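See structure below.
The values are calculated or read from the model by the stated rules, or taken from the named source; none is laboratory data. For clarity, every value in this text was computed on a predicted model and none was experimentally measured. No Cβ is skipped: glycine too gets one built from the backbone with ideal geometry, and neighbour counts run over all protein chains shown. Side chains included, ligands, DNA and RNA excluded: accessible areas come from the protein's heavy atoms. Shrake-Rupley method; radii C 1.70, N 1.55, O 1.52, S 1.80 Å.
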Amino acid sequence: ETTQLPRSNQVVFNLHAERWRGLTWWDEAAGIVWLVGAGYHRSGERDDVYELLKAKDKAGELFPTEEDYLRLEPSRATADTFAADLIENGLDLSAEALQNPDTELRRVFGGVLEVRVKATQDGLWIGFLQPPLVSGVLPGGYHLAVVAALAPNAEIDDLDFSPGRFPGAPHTSHEDVALIARSGLSPID
């Protein structure tokens, strides 16, 4: 079901869930479907969501702003902060874990990704807590960047991204887990 809005003349798509309604707009140029508004449907009443959203359209306040579009792009500054923190502190985190076997350590790199590590007889376990704390910042392959920062001397054959569950207490959310075999670690890694 679609609705043509009064001021913008844009065609929006209606969403229905019991008495809740929402409007989405396909921004073809950006390749994005925006949820432009949602609320409770009370047909014929002033606080009906359709009436409120049409009023926002008339006021020019319904569609995404320039700030909304800027939020779509990963923050370069945040990505740079993540990378700098990883480079500066990754090796220290793994060294501390290796010096304190069977002790779980945690660090949030750049305010973006929480990582937990633990050295066991099998090697260095790395847990990547998901989802990241800030979305849209981490580039593809960030798992490898974390592994490289924590164990720069490890070879690809020392790495297993499917070792099962992180040793010890499970985390309350999803977690990607990697294991760097003990053979790929040196005391300074």
Candidates Pro167, Pro131, filtered to the one that is touching a His at 6+ places or on another chain (Cβ under 9 Å) and assigned to a loop (DSSP other than H, G, I, E, B): Pro131
Residues within the range 1-23 that are under 14 Å from Asp48 (Cα atoms), of a type in the set (A, V, I, L, M, F, W, C) and open to solvent by less than 70 Å² (accessible area, probe 1.4 Å), tallied: 1
Of all residues making up the range 104-120, the number that are open to solvent by 50 Å² or more (accessible area, probe 1.4 Å) and out of contact with any Lys or Arg (no Cβ under 7 Å at 6 or more places or on another chain): 2
Subset of the range 137-172 that is of a type in the set (Ser, Thr, Tyr) and farther than 13 Å from Phe109 by Cβ - its residue that is nearest to the chain's Cα centre (by Cα): Thr172
Boolean, Asn153 is in a loop (DSSP other than H, G, I, E, B) and either farther than 30 Å from Asp68 by Cβ or open to solvent by 60 Å² or more (accessible area, probe 1.4 Å) (or both): yes
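Kindly indicate whether Tyr40 is over 26 Å from Gly136 (Cβ atoms) and open to solvent by less than 50 Å² (accessible area, probe 1.4 Å).
So Tyr40 fails the test.
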Sole residue being touching a helix residue (DSSP H, G or I) at 6+ places or on another chain (Cβ under 8 Å) and among the β-branched types (Val, Ile, Thr), chosen from Val108, Val177, Val115, Val147: Val115
Cβ-Cβ under 7 Å pairs, at least 6 apart or on other chains, the range 129-148 side within 16 Å of Ala178 (Cα to Cα) and of a type in the set (A, V, I, L, M), far side modelled with pLDDT of 85 or more and surrounded by fewer than 19 Cβ atoms within 10 Å (Cβ to Cβ): Leu129/Glu114
Subset tally (residues that are over 30 Å from the mean Cα position of the chain (by Cα) and free of Cβ contacts under 8 Å to residues at least 40 places away in the same chain) for the range 19-50: 10
